[in-house]
Amino acid sequence: MRPQHPCPICQSIKRKPVNMVTNRDARSCLQCYRERIGISSVARPQSTCVCGKPKTYTSKLCMRCYQKRGPTAEMQESIKKLVRQPLTSFEEAWALWQQTIGMAKNRYRGPAKAVPKKDRTRVLVIPDLHVPFEEPEMVAAMIAKEVERTDVAIQIGDISDSYSLSRFAKYEPVSFAHEWAKVTLMMQTLSESFPVVKIIVGNHDARLRKALASQLTPDMLDAVTTMTGGTLCPVTALAKKFPNIEIASHEIPNSDHQVDWLMTYGDCLLAHPEKFSRVPGTAIRAFEEWVVDNANAMGIDGIRLFIMGHTHALSFFPFRAGSLLVECGCLCKTQGYMTSARIGGRPQRRGYVTFEQVKGVTDLNSVKIHWLDVEDGPWNS
């Protein structure tokens, strides 16, 4: 057994009992070592918090200050971007929209000037555009040809594709900001080109509204609708910026309900029903039969000209006694889903429709299909 000797530090401070040290090389006993008695410390000075209380070297605040902490300047700035007060005016919302889509400044020249009133009214029916997948050369050719002689332009639905909001497989990356920047530009172009523009809401335009309706409860949907000014359709919201653009609507008699997928103009019915068939003419005939059957319920009577969008087909044929059925085609590119291995449907036809009316009565002999696929142009080069 090793001999023990008393700790020199314990003896010097007269500690009782004096601790004994077994290791002869040790300068003090374990108790004196832990208490750092007789050891000159070379440790760092104690780190203190802004409040003066000690803290660890790695932390910025002591525990009490940390628990009472508030957001930093960087956190406050990020919170402002995520959480903001509700928009108080349309101009504020438009400024935020310009920032979102990257519009540097507003180059809108204002609505086109109305031509002098005349007996005959020329109507241009602009088909499905599916921006940003529109055919720009065809749209430019249509506007250049019809800008001087059109009194009313009616876009028959699907002015936007709402590709970023689609629940189907996506074949190319398209951001929300890019897509709706182009939709804004298209609506601005139509506003500057034609004195009166009416837009029917198509199934693609209503994708956001449908997605929210399927995911939210009725009360939640009502709250969101109230906070957004009464609309969940981006196209409807954008139309408020342009004084000569109006979203089409049809009021249902004996009801507070109204629909925005069809409208009447004189004795012409223009619509974007979600009806499709691989058999040519079947969709437009089914729609005409539905209108006839529901004439009283829908408040639609005396229609002689039926014009339908959605099918991307061009068709023109008389039907029944003194009525004409027309499918108005499209002005958009071939999209990825049309060339997939799941073959189906019919090839789309690019074109548009014009007709003339006298005091609300359509001259059926003036109804004309402009089939751009068969015309010479940059799209055929």
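Our estimate of slack between N365 and E137, defined as 0.36 nm per intervening residue step minus the Cα-Cα distance, is 79.3 nm.
Tell me the mean residue ellipticity at 222 nm calculated for the chain from its helices only (DSSP H runs of n ≥ 4, each -39500 (n - 2.57), averaged over every residue, nearest 500).
Numbers: 12 runs with 107 residues, N = 381.
It lands at -8000 deg cm²/dmol.
Summing Cβ point charges (Lys, Arg +1; Asp, Glu -1) relative to the Cα centre of the range 239-381 gives a dipole of roughly 540 debye.
Relative to the longest principal axis of the Cα atoms of the chain, helix 90-101 runs at roughly 80 degrees. Just to confirm the number: angle between the C-alpha axis of helix 176-193 and the first principal axis of the chain, 0 to 90 degrees, nearest 10? Value to nearest ten degrees: 30. With respect to the chain, whose longest principal axis is taken over its alpha-carbon atoms, helix 136-146 is tilted by about 40°. Among the listed pairs K182/K359; K118/K198; K198/K333; K275/K333; K333/K368, those whose Cα-Cα separation exceeds 28 Å are K182/K359.
Across the alpha-carbon set of the chain, the Rg to Rh ratio works out to 1.41, Rh being the Kirkwood radius. Quick check: the distance between the Cα centres of the range 275-327 and the range 138-186, to the nearest angstrom? With the range 275-327 and the range 138-186 each reduced to a Cα centre, they are spaced 24 Å.
With springs only between Cα atoms under 10 Å apart, run a GNM on the chain and tell me which of R109, R207, R34 wobbles the most. Sorting by GNM fluctuation, first place goes to R34.
Across all directions, the shadow cast by the convex hull of the range 1-40 built on its C-alpha atoms averages 2.9 square nanometres. The antiparallel fraction among DSSP beta bridges confined to the chain stands at about 60%.
Most mobile of P127, P17, P280 per a Gaussian network model of the chain (Cα springs, under 10 Å)? So, out of P127, P17, P280, the one fluctuating most is P17. Between R109 and F176, the contour length at 0.36 nm per residue exceeds the alpha carbon distance by 21.6 nm. A Förster radius of 22 Å, combined with the Cβ-Cβ distance separating R346 from R167, puts the computed FRET efficiency at roughly 0.40.
Read-outs: derived from the displayed coordinates by stated rules, not from any lab. Model, not experiment: these values are computed from the prediction. Methodologically, a virtual Cβ is constructed for each residue, glycine included, from the backbone with ideal geometry; neighbour enumeration extends over all protein chains shown.
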